[in-house]
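Visitor: What follows is a single structure, and I will ask about it in a moment.
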Amino acid sequence: MKQPVEIYEKKSQLFRIALVGLGLAALSVYTNIDDYQQLTTEVVLKGLTSFLCAIGGILALVRLLLDLFRKEAQLLIYDNRIEMYNAWRNRFSVIHFSDVVIIEKGNKKINFKLNPVLKKSDVSRRVRKWNKEISGFDFTLPISELNMEDEKIFQIVEDRFNAYKK
C-alpha cells in the first residue's frame, strides 16, 4: 500500500475574502457615518450591508486563523479512497473507489458518478441529489484552491482509481 498523497489548501483566497469583507464593511460605515442620525429604510439597508460584509469577513478570518493553527491536509488520496477535509465540520468526507463508477474531469473540479447503493462512502442522499441536479454527477470534488496543479491532482486520482479497479 502506497503512502497517501496529501494536498493542502491555498490560504490566499481565504485571506482575500476576509480582507475584502472587512474592507467593504469599514468603507460602508465610514461613508455613511452622517446618515445614521435619522432612521430611514436607506439607513437600515446600508447598516445591514455593513453588517453582512463584516460577518463574511470575520468568518473568513476565523477560518483562516483556524487553518493556520491546524495543519490538516485538505485532500488525502489513498489507494482505495479519497478523503476531503471539511473545516467547518472538522471531519473528513470519504469517497471509496468501490462505490465509484465513473471519474471525469470538470472545470476546476473532479466529478464522480457513484453506485446507486453506496457501500462505504459517506455522501448523504441530499448532497447526491443536489449535485445530480446541478452538475449531473453524484459527487463533485473542487480542486481549484489546492496547492497542486489541477491536471496533476486529476492524474493521481485517475491512476489510483484505475489501479484499484484492476
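Visitor: Using helices alone, I'd like the mean residue ellipticity at 222 nm for the chain: each DSSP H run of four-plus residues gives -39500 (n - 2.57), total over residue count, nearest 500.
Guide: Numbers: 4 runs with 76 residues, N = 166.
So the helix-based figure for the chain works out to -15500 deg cm²/dmol.
Visitor: Could I ask something else about it? When the accessible area of the chain is split by element with a 1.4 Å probe, what percent falls to carbon and sulfur?
Guide: Carbon-and-sulfur percentage of accessible area, whole number: 59.
Visitor: How would you classify the chain from its alpha-carbon gyration tensor, with a ≥ b ≥ c the square roots of the eigenvalues: rounded for a/c under 1.5, else prolate if a/b is greater than b/c, otherwise oblate? Before the final figure, lay out the partial values.
Guide: Values: a/c = 3.18, a/b = 2.23, b/c = 1.43.
Prolate is the answer for the chain, as a/c is 1.5 or above and a/b outweighs b/c.
Visitor: May I ask you to derive the FRET efficiency for Glu133 and Val94 from their Cβ-Cβ distance with R0 = 25 Å, giving the value to the nearest 0.05?
Guide: That pair, Glu133 with Val94, gives E of 0.65.
Visitor: When a/c reaches 1.5 or more, the comparison of a/b and b/c decides; with that in mind, is the stretch 78-166 rounded, prolate or oblate per its Cα gyration tensor?
Guide: Rounded is the answer for the stretch 78-166, as its axis ratio a/c remains below 1.5.
Visitor: In Å², and per residue, what accessible area does the chain have when probed at 1.4 Å with the other protein chains present?
Guide: Here the per-residue accessible area is 64 Å².
Visitor: Which shape class, rounded, prolate or oblate, goes with the stretch 53-106 when its Cα gyration tensor gives a ≥ b ≥ c as root eigenvalues, a/c under 1.5 marks rounded, and past that a/b bigger than b/c marks prolate?
Guide: On the way: a/c = 3.40, a/b = 2.17, b/c = 1.57.
It is prolate, given that a/c is not under 1.5 and a/b is the larger ratio.
Visitor: For the chain, which DSSP H helices look membrane-span-like by this rule: Cα extent along the axis of 20 Å or more and mean Kyte-Doolittle of at least 0.0?
Guide: Working: long enough: 12-31 (28 Å, 1.38); 41-69 (42 Å, 1.68); 150-165 (22 Å, -0.88).
Flagged H segments are 12-31, 41-69.
Visitor: Return the FRET efficiency for the residue pair Phe15, Lys165: r is the Cβ-Cβ distance, R0 is 41 Å, and the value is rounded to the nearest 0.05.
Guide: 0.55
The values are calculated or read from the model by the stated rules, or taken from the named source; none is laboratory data. No experiment lies behind these values; they were computed from the predicted model shown. For neighbour counting, all protein chains shown are included, and Cβ atoms are generated from backbone atoms with ideal geometry for every residue, glycine included. These area figures cover heavy atoms from the full protein model, side chains too; ligands, DNA and RNA do not enter into them. Shrake-Rupley method; radii C 1.70, N 1.55, O 1.52, S 1.80 Å.
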